Amino acid sequence: MENPYQTNTSDFWKNYLKGRPEVPSNFWQRIWNYHKLHGNANFARIHDLGSGPGVHATMLAEHFTEVTLTDPSPSNIEIAKTYLTRCGDAAKFSYCVGRGEDMDDQGTEAFDMVIACNSLHWMDPEKCLPAIASTLKPGGTFVAALFGFPDVIEERAQNVVQEWFCHGIRLILKNGAPPLFEYSILSQDSGYDCVEMRTDLWRTVQRVKLNCQKEYKGFGSGIREARPDIRYAISGSEEVLKEDDPKWYFKTDLQGLQDIIASFPLPNDTEYEAKMWKELGEIYQDKPVEGLYCRECEASKKVEILEREGDQVPVIAFLVIANWWGGSGWKPYITKLQIQIGNKPTRPGIEDGMLLTFRISQPRDATKNMLFKDFNFRYTELDHNLGSDENFQVAKEWIEACSSEHDGHLCPKIIDHPLPKRLIDVGPLDNTQHPKLVITPKGQKGRYLALSHCWGVSVKGERLVTNVKDIKTRKNGIPLASMPANFQDACIITRKLRFKYLWIDSLCIIQNSRTDWEIQSSQMGQIYTNASFTIAAAAAKDSDGGLLETQYEQLDFKKFEPSTWFTQDRYDTNRYALPGPSLEHQEELKVYRIPLLESQDRPTVSITPWLPFSDLEENWFRCVVVGPLAHRGWTLQERTLSYRTLYFGQRQIYWQCPSSRKAADGENVPLAATTSAWNQSSDHSEWPDLLGLKNKEFRSNSELDLAVHDVWRHILRIYASRRLTKSSDKLPALAGMAEHIHSLTGDEYVAGVWRRDILASLLWTRMPIWAKGITIENFQIPKPRWEKPKEDFSGPSWSWSSAEVDALSFWGASNLNRMWRAYDARATDINIDLAGNNPFGSVKKGTLFLNGLTYDRWDGRVEGWNPLIPGLYGLWDVLSDHTCIHSSRYEKDRVVLWDYPARHGVRIVPKFLRIFLQILVSILAIMFWHGPDIRTRLRKIHDWICPYCVQCLCIHILSEADAEPKRNNATGEHFYEILLFALILEPVKGQEKTYRRIGLSRKEVPVSEGVWLKFRESATNHKEEPQLPNYFSEWTRRTVKII
């Protein structure tokens, strides 16, 4: 079958567009938002792959600086040129005739985005997807979109139209179709199921189906049975989003429906089509034809039509009951009430009706009412006054259960501990005495609470802290009215829970005394660990936010349409993304009460619309995981080193301890690490079970080290995304956790990493480890710390602490697949100059002496390098990219990650003279040099004169085998890659044989599948490893000094 898109007339496209929707703006906006959140957020160059005659080109040009159109048909490109030239800014567009499989001809890292609309199913995904990936810049986005065959809303007519569509597919298969067509048509529905979710190519993958939940009914009849060898749609997690946009909806007459159907290039069958149109004419007669391209809002449209025509819509109500773990075992619990509009059952993939879901909650005192004895409800009604007696009673029950009922090895009992040097005596419950600062005698034991909060910027006056001059005043008393809301509420909570003392960092540490701050901040880890529990102001963005005063408003049901009851996440429902701007006031739907039984007392339960992960309802995730406290650097150790934490959100209170997590309404909160089957939390930010390490049994010290180092790297990944007011606090804010790990292992702590884990710790990067490609110049750190005018004591260049990054990953962190250890680098000495007396605090500088295999490399970049800039600068940069033998175009390493942009540059006139001199001397050498090895001589000439090159040094750190096999596309054989990681070092001016780290590089050595499997099977017996690569014999071993 000929590809119908490779036509030589524009008439085909005029007809084709009759059957396609006018794509609504929010469809494109979803793509732009995804690129901003998950990609590099650059909108410079986009590649429209399979562009046809440039159907979407003008719209793409509104968002991107340059648009490249590619199509296999030369006539389509000619049509596009003619059309876009008339449209105006023709300079924005470039054109290419070619297939997706040959996309790598466009060059590596050429585009910020590649988009394929209604075209990918004509390509070979095995070949085109890697080609597409190679053309994307670091953080680039690939979009595959398919606007599916439209549905008509009238059910009988839809059955007729759908059967015609499937009949056409059967004819194609019968008459012989290209294999790729056979591959694609069985992907069932709109949305590219045939695009494999390949994690080796893409960092994040999101599959979005715009309400395409119904299979074509005719697909099972004579299609798959006829061709069972055809590969089916690839399974994978997918996200079904719903939206209400009238542009997906069409209304026409029978002739208009004929135009739509005729636009799909299926074989003609005159007899079958005559029968079909006769049936459709009998169904519609003179009535309009209504339909949806992506079946958007199908349920609401269907109800609207049925009501208008006077039909009755059945309503079915049923309870959802699920098994949950209760105090005495598994029990069935009533969770939700579901109301279905329509008489057809709703099941995955098919929604013929509208389904509304409500949460059912029992009263807090239901257990005291005998009428509830036969019912188990999962959820409990909330009192949104967080300072109410009811909420304090809930908190007391949680505290008592943890201290008396939980496993003492996981949750130590609440007992007296050594008190911190200073505490706040909160005073009696009747407020007859003001809170005051007290100095505790050395060695005194007792019980106290600790506050975890965001300082923020006070909007009500000067921030309340303790300075040297304030100590006497603070000891005399601190009136509650003078305190910010966080401190007031924390004192009230401490009083109501029958505790006397409260520790608040800003009041119990002398803020303008460097000595006291250093001593007390070094003890913060122990302070939070010894606290009976920690009070967390989880919803307060600053000290004035408060813990007890709710901002929820009771709103009427009428304000909300059913579509707003479901997930409307601003960031494509990415669970790990931080939330965007929140509502001015948190809002909750008005509660409606219904009787539980037909009895005299008529006890009631409440129902509220079910709002999973909605912006309208706070839950554990939005409060604890991505709330204000989760953004601050200091609060990480306050959370990981607290055995118990009582969180005060805006909607309710939450509890966390090593044995349980709870929400006041009975919400199904994520598992704690110690209570899950794999000792791993289901909450990504809670994975580092720091306190639990001491309860685990390890067979050897090396096994303990592996576990501890793994936990520490996870801590650093989380910590890097958090904010600090002072960059000099980067290491002190980790000191408590570092001290805890040191107490377990005795390992030496050096500038944020551990001596026995130094090799893997050197391979830190801002770029995640999924990075693929030839060379990646992702300059996330604008300027090195050592080039800034003011020293900030953050760390040496070889430590992650020296870099201002908001994300952190480590290469070579797995010990399972380490290879050729005898050739790894060795740290012969590490010298750390501390900024104070705390061995876990800030450092002034650090020197690492590293012995390993080294080889020369050149930094072929230049400051301001950009071959796209018009004019002389851009001209010479283009020339350099092709003539400089060390440019990224000729990079031999598989991946290169530079920490910083190039800081060396040459002005345009010297640049021109040096390039001219280089060419001239090279020509003379070729003409007059008749000795051996002319290539070496030309390379020396280039390295001597080239205005772009700076000589650097690489030192090999370690080798690690990639656990996932690769496939050779030419032979079909599988192989494994052994990755060789190295630091890129630049020489320090004025200091001989001294270097600083400026990046990472990675080489890859292929190993056959047979050799690799043989090694894996024999590794435990210390048999031979795969043959050494030639690199190790070519490199020079030396000891380098890195600062």
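The values are calculated or read from the model by the stated rules, or taken from the named source; none is laboratory data. This is a predicted model, so every value here is computed, not measured. So basically every Cβ, Gly included, is an ideal-geometry build from the backbone, and we count neighbours across all protein chains shown. The protein model used for the area step is the full one, side chains on, heavy atoms only, and it has no ligands, DNA or RNA in it. Shrake-Rupley method; radii C 1.70, N 1.55, O 1.52, S 1.80 Å.
Values for this structure:
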{"quantity": "Failed condition for Glu78, given (1) closer than 14 Å to Asn118 by Cβ; (2) free of Cβ contacts under 8 Å to residues at least 40 places away in the same chain", "calculated": "(1)"}
{"quantity": "Unmet criterion (only one of (1) part of a strand (DSSP E or B); (2) within 30 Å of Arg785 (Cβ to Cβ)) for Glu977", "calculated": "(2)"}
{"quantity": "In the range 6-35, residue surrounded by the most Cβ atoms within 10 Å (Cβ to Cβ) [restricted to those that are at pLDDT 75 or above and polar (S, T, N, Q)]", "calculated": "Asn33"}
{"quantity": "Thr58 being closer than 23 Å to Pro138 by Cα and in contact with a Cys (Cβ under 6 Å, 6 or more places away or on another chain)", "calculated": "no"}
{"quantity": "Total residues in the range 424-433, condition open to solvent by less than 50 Å² (accessible area, probe 1.4 Å) and on the phi > 0 side of the Ramachandran plot", "calculated": "1"}
{"quantity": "Output for the range 151-166, where each listed residue is assigned to a helix (DSSP H, G or I), open to solvent by 40 Å² or more (accessible area, probe 1.4 Å) and touching a residue at least 40 places away in the same chain (Cβ under 8 Å)", "calculated": "Arg156, Asn159, Glu163"}
{"quantity": "The range 262-321, residues that are loosely packed, with under 13 Cβ neighbours inside 10 Å, out of contact with any Asp or Glu (no Cβ under 9 Å at 6 or more places or on another chain), of a type in the set (Asp, Glu) and at pLDDT 50 or above", "calculated": "Glu271, Glu282, Asp311"}
{"quantity": "Qualifying residue in the range 335-352 (condition: at pLDDT 80 or above, open to solvent by 40 Å² or more (accessible area, probe 1.4 Å) and of a type in the set (D, E, K, R))", "calculated": "yes"}
{"quantity": "Of residues in the range 685-721 being among the basic types (Lys, Arg) and in contact (Cβ under 8 Å) with a residue 40 or more places away in the chain, the one nearest to Glu739 (Cα to Cα)", "calculated": "Lys694"}
{"quantity": "Residue match in the range 523-534 (condition: over 38 Å from the mean Cα position of the chain (by Cα) and open to solvent by less than 20 Å² (accessible area, probe 1.4 Å))", "calculated": "no"}
{"quantity": "Top-ranked residue of the range 106-150 - restricted to ones that are of a type in the set (Phe, Trp, Tyr) and open to solvent by less than 30 Å² (accessible area, probe 1.4 Å), ranked as nearest to Gln29 (Cα to Cα)", "calculated": "Phe147"}
{"quantity": "Condition check for Leu386: farther than 19 Å from Ser532 by Cα and not charged (D, E, K, R)", "calculated": "yes"}
{"quantity": "Any hit, the range 963-976, residues being modelled with pLDDT of 70 or more, out of contact with any Pro (no Cβ under 7 Å at 6 or more places or on another chain) and under 25 Å from Asp859 (Cα atoms)", "calculated": "no"}
{"quantity": "Residue match in the range 972-989 (condition: within 30 Å of the chain's Cα centre (by Cα), open to solvent by 30 Å² or more (accessible area, probe 1.4 Å), touching a residue at least 12 places away in the same chain (Cβ under 8 Å) and under 30 Å from Ile1042 (Cβ atoms))", "calculated": "no"}
{"quantity": "Residue in the range 729-742 that is under 24 Å from His38 (Cβ atoms), at pLDDT below 95 and of a type in the set (A, V, I, L, M) present", "calculated": "no"}
{"quantity": "Cross-chain or 6+ apart pairs with Cβ under 8 Å, the range 382-408 first and free of Cβ contacts under 8 Å to residues at least 12 places away in the same chain, then hydrophobic (A, V, I, L, M, F, W, C) and surrounded by fewer than 19 Cβ atoms within 10 Å (Cβ to Cβ)", "calculated": "Ser403/Ile414"}
{"quantity": "Index of the failed condition, Lys1041 passing every other in (1) under 34 Å from the mean Cα position of the chain (by Cα); (2) surrounded by 16 or more Cβ atoms within 10 Å (Cβ to Cβ); (3) at pLDDT 85 or above", "calculated": "(1)"}
{"quantity": "Members of the range 806-838 found to be surrounded by fewer than 19 Cβ atoms within 10 Å (Cβ to Cβ), in contact with a helix residue (DSSP H, G or I) (Cβ under 8 Å, 6 or more places away or on another chain), part of a loop (DSSP other than H, G, I, E, B) and not aliphatic (A, V, I, L, M), listed by number", "calculated": "Asp806, Asn815, Asp824, Gly836, Asn837, Asn838"}
{"quantity": "From Lys436, Lys413, Lys445, Lys421, residue being open to solvent by 80 Å² or more (accessible area, probe 1.4 Å) and in contact (Cβ under 8 Å) with a residue 40 or more places away in the chain", "calculated": "Lys421"}
